[in-house]
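All remarks here apply to the structure that follows.
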Amino acid sequence: MATRMRQVILRALPDLRVHPVGKWVRADALGSTVVDSRRVQLVWEPKRVVGSYAVPEEDVAGDFVPVEGDVAAEHPVPMGDDGPPVLDPHTPFGAHTAPGTPLTIRTDAGDLPGAAFRPDDPDLAGYVVLDWTAFTQWYEEDEPVLGHPRDPFDRIDCLRSSRHVVIASDGVTLADTTRATLLFETPLPTRYYVPREDVAMDLFDRTDSHTVCAYKGEASYWSARVGDTVLRDIAWSYEEPRHDAAPVAGLISFYTEKLDLTVDGELQRRPRTPWS
């Protein structure tokens with residue numbers, strides 16, 4: 001019987017996963033470089049879908065002090081209909097799902113509370129996992145990294161398509177196009193990016209929300225007005241996307257988890273994701 005690759009990935013989610021990274025990684029905080037390592041591993045704690053950098057303890061310019069007190073709460077969310085719950089990417093670093101010791105990094109310039117985690121797993125002996133948000137800037141080689149560490153098993157693919165795509169809410173058409181660019185990103189649902197000329201822009205208002213994707217760059221958000229209902233941050237755009245996402249520059253995409261998506265006349269099932 002054939003094995004579906006998605007199932008292979010999903011079965012691994014409850015495990016502690018590691019992968020060596022052949023990159024020079026640095027991180028700045030408190031006005032100086034605190035992390036400087038050429039022996040980096042990516043670590044996914046159980047139920048995490050976004051990895052964290054782990055480095056040898058001696059590659060961190062500071063001392064490690066055990067953290068006392070309560071750990072952060074987990075926020076499990078669905079990822080599709082056929083997989084175990086995963087942690088919402090906004091779940092704080094302090095919600096550890098593997099045995100180990102939370103640590104504060106104590107530097108000459110001050111403390112980084114709870115910014116490190118020393119796993120008990122013998123395959124990570126001598127390593128600490130690091131909290132992305134505790135540092136002001138990360139670098140891979142000499143390139144700044146945005147959002148979170150890039151996953152070597154994740155990629156995006158942007159393809160122009162003449163499929164007839166209609167996006168609606170409660171019978172109100174928000175977009176109608178045969179010029180969409182489809183963005184495929186493992187393991188997320190296909191996203192449909194639509195030229196603004198094919199979007200009912202009179203129903204949309206830009207908000208002050210922004211997010212950062214390690215692969216696509218910084219997104220700006222839009223709310224839609226459907227009758228008396230405001231669909232907050234229901235759509236987004238990348239004005240200056242990074243690298244492989246360049247084909248979607250300026251196009252509008254939508255949370256089809258909450259909208260009706262019809263492709264070539266066929267209504268699509270709403271996906272289940274952390275944004276459902």
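Laboratory data are not the source of any read-out in this text; all were calculated from the coordinates shown. Source: prediction; values computed, not measured.
Laid out as a table, the results:
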read-out	value
Quotient of Cα Rg and 2.2 N^0.38 Å for segment 5-145, N being how many residues it contains	1.05
Computed helical MRE - 222 nm, the chain, DSSP H runs ≥ 4 contributing -39500 (n - 2.57), nearest 500	-1000 deg cm²/dmol
For the chain, projected area of the alpha-carbon convex hull averaged over all directions, nm²	17.0
